[in-house]
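Here is the structure we will look at.
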Amino acid sequence: MAYRIFLVDDDRFLLDLYMVKFKNAGHEVTAFNSGAEFLDAIKKDPSLAPNAVLLDIIMPGLGGFEVLEAVRKENLIPNAKLIVLSNQGLDADIEKAKQFKVDGYIVKASAIPSEVLTETMRIIEAGTPAA
């Protein structure tokens with residue numbers, strides 16, 4: 001099954017890398033270079049809601065935690081799986097992300113792109129009723 005995936009990261013190289021990985025697996029992928037760009041897009045057209053959002057924590061301007069707070073507070077994409085994809089692997093960061101009820105937390109440095117793809121699919125499908 002194909003899913004709509006949103007990637008939010010200020011690292012263009014990583015965005016391109018993950019976009020290729022997800023597209024080659026048959027998924028629709030949209031990349032955002034900043035938290036603000038992502039929030040603007042989902043507020044402008046809620047019908048574009050993704051199945052999953054992979055979100056970096058450390059970005060210029062609006063960081064990942066601020067984005068998570070806005071998404072949860074405003075109930076912007078209630079059915080999307082929110083997955084942190086960050087190099088911030090400290091327990092404090094993971095705990096802070098859990099406060100926003102994220103569906104997953106992947107540390108970039110310890111996961112190759114194919115593992116990110118596999119884990120994202122697992123998270124999406126764990127919340128999808130069997131057909």
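The values are calculated or read from the model by the stated rules, or taken from the named source; none is laboratory data. Quick caveat: nothing in here was measured; it's all calculated off a predicted structure. Neighbour counts run over all protein chains shown; Cβ positions are idealised from the backbone, glycine included. Each accessible area value is taken on the protein alone, full model and side chains, heavy atoms only, with ligands, DNA and RNA left out. Shrake-Rupley method; radii C 1.70, N 1.55, O 1.52, S 1.80 Å.
Matching residues to (1) over 13 Å from the mean Cα position of the chain (by Cα); (2) over 15 Å from residue 97 (Cβ atoms):
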site: 30; (1), (2): no, yes
site: 34; (1), (2): no, yes
site: 39; (1), (2): no, yes
site: 43; (1), (2): yes, yes
site: 50; (1), (2): no, yes
site: 55; (1), (2): no, no
site: 61; (1), (2): yes, yes
site: 66; (1), (2): yes, no
site: 69; (1), (2): yes, no
If residue 52 satisfies all but one of (1) open to solvent by less than 50 Å² (accessible area, probe 1.4 Å); (2) touching a helix residue (DSSP H, G or I) at 6+ places or on another chain (Cβ under 8 Å); (3) modelled with pLDDT under 95, what's the number of the condition it fails?
(3)
Taking the stretch 21-60 and keeping only residues that are in a helix (DSSP H, G or I) and in contact (Cβ under 8 Å) with a residue 40 or more places away in the chain, one is left with 21, 22, 48
Identify the single condition in (1) under 21 Å from residue 18 (Cα atoms); (2) buried (at least 16 other Cβ atoms within 10 Å of the Cβ) that residue 76 does not satisfy, given that it satisfies every other one.
(1)
Looking only at residues in the stretch 94-131 that are open to solvent by 90 Å² or more (accessible area, probe 1.4 Å) and outside any helix (DSSP H, G or I), which one is nearest to residue 21 (Cα to Cα)?
112
Checking residue 15 against (1) modelled with pLDDT under 95; (2) among the hydrophobic types (A, V, I, L, M, F, W, C); (3) open to solvent by 60 Å² or more (accessible area, probe 1.4 Å), which test does it fail?
(3)
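Residue-by-condition table, conditions (1) within 16 Å of residue 113 (Cβ to Cβ); (2) among the small types (Gly, Ala, Ser):
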{"position": "22", "(1), (2)": "yes, no"}
{"position": "26", "(1), (2)": "yes, yes"}
{"position": "38", "(1), (2)": "no, no"}
{"position": "41", "(1), (2)": "no, yes"}
{"position": "46", "(1), (2)": "no, no"}
{"position": "52", "(1), (2)": "yes, yes"}
{"position": "66", "(1), (2)": "no, no"}
{"position": "75", "(1), (2)": "no, no"}
{"position": "80", "(1), (2)": "no, yes"}
Would you point out which residue out of 45, 91 is within 24 Å of residue 1 (Cα to Cα) and either of a type outside the set (S, T, N, Q) or open to solvent by 50 Å² or more (accessible area, probe 1.4 Å) (or both)?
45
Please tell me if residue 82 is without any contact (Cβ under 8 Å) to a residue 60 or more places away in the chain, part of a helix (DSSP H, G or I) and surrounded by 20 or more Cβ atoms within 10 Å (Cβ to Cβ).
no
